[in-house]
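Accompanying notes for the structure given below.
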Amino acid sequence: MKIIILGAGQVGGSLAESLASERNDIVLVDSDEKTLRELRDRLDIGVVIGHAAHPNILLEAGIEDADILVAVTNNDETNMVACQIAHSLFRVPTKIARVRAGAYLQHPQLFDTQSIPIDVLISPEHLVSEYVARLIEHPGALQVLDFADGRVQLVAVRAVKGGPLVGRQLRYLREHMPKVDTRVAAIYRRNTPIIPQGDTVIEAGDEVFFIAARANIRAVMSELRRLEHGYKRVTIAGGGNIGLRLAHKLENRYAVKIIEQSHERCVFLSEELSHTIVLNGSASDQDLLLEENIEDTDVFLAVTNDDEANIMSSLLAKRLGARKVMTLINNRAYVDLVQGGEIDIAISPQQNTIGSLLTHVRRGDMVNVHSLRRGAAEAIEVIAHGDKRTSKVVGRKIEDIDLPEGASIGAIVRETEQGSEVLIAHDDVVVETNDHVIVFLVDRRQTRHVEQLFQVGFSFF
Amino acid sequence: MTLDALLSPRLTLCHLAGSSKKKLLLDIAQAIAEQYPQHDADTIFNQLIARERLGSTGIGDGVAIPHCRLPGCERPIGVLCTTEPAIDFDAADRQPVDLLFALLVPENSEQEHLDTLAEIAALFSDSRIREKLRQARTNDELYALAINSTAAA
């Protein structure tokens, strides 16, 4: 496929990197020659220097032949205009744009073929706040990903001594919790993936990925580690876009405090928020943290736009007794540095954004693609189409589906007249047309194979 | 349904200068809309693209048979074209495509469409016919060759 990416920033660059390895024709457009040159030397991509929304520049990038346009420059207006031009002049089938400003996002009716033709809007702030909110909902989880509008979740959790399943074979789970259905999709032991079998023994320290209906997540987690108390008190460092969104989302269920440096912004925050306590000051001010009883905080979230400030204030909060700290980090090198140390969870906006971009770039009817373990693994939700004749999946039992090594089906979500039904993938479940199938891939290089598996045959209408 | 009922000389396009799958499908959609003004080129294009996204209609040996249903369409419409040069169509055998038959059908009568599709595929499975069609130099020549091939087959 031919994909044009506008903007060679963090997201544009990582997306190009991720896609260049998948038999795609990628052209990256940016006005900054130096960044482009650096990326072109490293990756097998084409580059064009110039203003990303100008028709002549888009033509030079080969827009007439493009299947997908991804507009992720740091300017909302450029992204929107580029999509408009891609539609009006070149009929690009799929147009994806990052739009940040709430002033635009408040009016979803702006973004359709009749007005500003954007097929998929990406708002990193929105993705990150949803992600953090899910982590807070499941204390102890390292990662929580939604499928089928949150009916099914994939959760990563570290197995800890004392969990009933730790030191036992996986099949014991079924005996111990006959009423709760789940499937362990992968286990990472000292960073190496293990394909789980019934006789695999869970060890303390294993990072376990399991899939279950949302209502069962807590029960499954309790098998792997002692359950933590739910969180009550949340402190947010940074009252920017993400901080405000999070406070909004959380303030009705948790006692939320937000620390913000700018007095003006504090005034705005207090007007916008109803239950949140707004504090004017610096999150790395030890006296302020102590005064606000940081030792009673269940979760400290550092979400300013400054990586270093986030890391330092998180370390300080942890030292002063905050139970969990989660830290927003843009620089990918830092994520690896701090994760698993004092900082409990490092949140990478790029990883979140990339997944949601990949959803629309992949072949097949993808609903969700989540990039995991720094892009090495992937979890996807894909809709099966066709019938026994035209599909390699529909009408077959899961055990008879020719999945590549390292890929496993975790669950199926099926719409029935009674509403939607979550089926955990056991060998004898038969896939039906229009099923949402959730597949876990230990090795992202198998993605192409899985895409092909779900493609319909030639005679499908 | 025989080929001469599907095809028309005006929708037989020889040596289309295709540079990509997307451009080619757009050209085909626009050619159809020109002949049948009741159909909108964007709708045809979107339907064809949506079908390709679920799986390529490139069947190998340089042949593709893109097809889809078209709302408001009363009888099947066919477009035959050759391209110069061949283009990447994401085909099963990864070979570029230079011989296409696009088929748009009404929204009902499932079995009939499958039969039509099978007939077209059968025609292109004959390597002599493929070579003959590829050698056509004009639209008229391509049309005549196609019609005669079915008559002979």
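Here are the numbers for the structure shown:
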{"quantity": "FRET efficiency for residue A:389 and residue A:227, using Cβ-Cβ distance with R0 set to 41 Å, rounded to 0.05", "calculated": "0.30"}
{"quantity": "Kirkwood Rh in Å, taken over all unlike Cα pairs in the stretch A:233-347", "calculated": "13.7 Å"}
{"quantity": "For residues of A:57-70, the mean tally of beta carbons on other chains within 10 Å", "calculated": "2"}
{"quantity": "The stretch A:128-224, Rg to Rh (Cα coordinates; Rh as Kirkwood inverse mean 1/r)", "calculated": "0.95"}
{"quantity": "Dipole axis of the stretch A:118-164 (+1 Lys, Arg; -1 Asp, Glu on Cβ), positive-most option in A:133, A:156, A:145", "calculated": "A:156"}
{"quantity": "Shape call, the stretch B:3-152: gyration tensor on alpha carbons, a/c limit 1.5", "calculated": "rounded"}
{"quantity": "Efficiency of FRET between residue A:295 and residue A:272 - r from beta-carbon atoms, R0 25 angstrom, step 0.05", "calculated": "0.30"}
{"quantity": "Projected label distance in nm at residue A:75 and residue A:176, using a 7 Å step from Cα toward the beta-carbon", "calculated": "5.7 nm"}
{"quantity": "Unsatisfied cross-links (Cα-Cα over 24 Å) in the set A:257/A:318; A:232/A:318; A:95/B:22; A:2/A:397; A:161/A:324", "calculated": "A:2/A:397"}
{"quantity": "Length gained when the stretch residue B:10-residue B:95 is fully extended (0.36 nm per residue, less Cα-Cα span)", "calculated": "27.8 nm"}
{"quantity": "Label point distance in nm, residue A:248-residue B:135, each placed 7 Å from Cα along Cα→Cβ", "calculated": "6.8 nm"}
{"quantity": "Cα→Cβ-extended label distance, 7 Å offset, between residue B:19 and residue A:331, nm", "calculated": "4.1 nm"}
{"quantity": "In range of the label at residue A:215: residues from the stretch A:403-425 whose backbone nitrogen is under 11 Å from the point 7 Å along Cα→Cβ", "calculated": "A:422"}
{"quantity": "Anisotropy class of chain A from Cα gyration tensor, a/c 1.5 cut", "calculated": "oblate"}
{"quantity": "The stretch B:9-49 shape via C-alpha gyration tensor axes, a/c threshold 1.5", "calculated": "oblate"}
{"quantity": "All-pairs alpha carbon distance profile, the stretch A:2-122, 5 Å steps from 0, percent", "calculated": "2, 12, 25, 25, 19, 11, 4, 1, 0"}
{"quantity": "Average other protein chain Cβ within 10 Å of Cβ, residues B:54-60", "calculated": "6"}
{"quantity": "Peptide-level mean, for A:71-84, of C-beta atoms on other protein chains within 10 Å", "calculated": "0"}
{"quantity": "FRET efficiency, residue B:40 to residue A:160 (Cβ-Cβ, R0 56 Å, nearest 0.05)", "calculated": "0.40"}
{"quantity": "Bins of 10 Å, starting at 0 and running to the largest distance - Cα pair percent for the stretch A:252-303", "calculated": "23, 57, 20"}
{"quantity": "Per-residue [θ]222 nm for the protein assembly as shown (sum of -39500 (n - 2.57) over DSSP H runs n ≥ 4, rounded to 500)", "calculated": "-10000 deg cm²/dmol"}
{"quantity": "Loop-resident sites, the stretch A:1-64, for GluC sites (Glu not before Pro), counting at most 12 other Cβ within 10 Å (DSSP)", "calculated": "none"}
{"quantity": "Kyte-Doolittle mean at least -0.5, axial Cα span of 18 Å or more - DSSP H helices of chain B", "calculated": "B:21-35, B:41-54, B:110-124, B:139-152"}
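Quick note: the coordinates plus some simple rules give every number you see, no bench work behind them. Predicted model only: the values in this text are computed from it and were never measured. Heads up, the Cβs are rebuilt from the backbone with ideal geometry, glycines too, and the neighbour counts pull from every protein chain shown.
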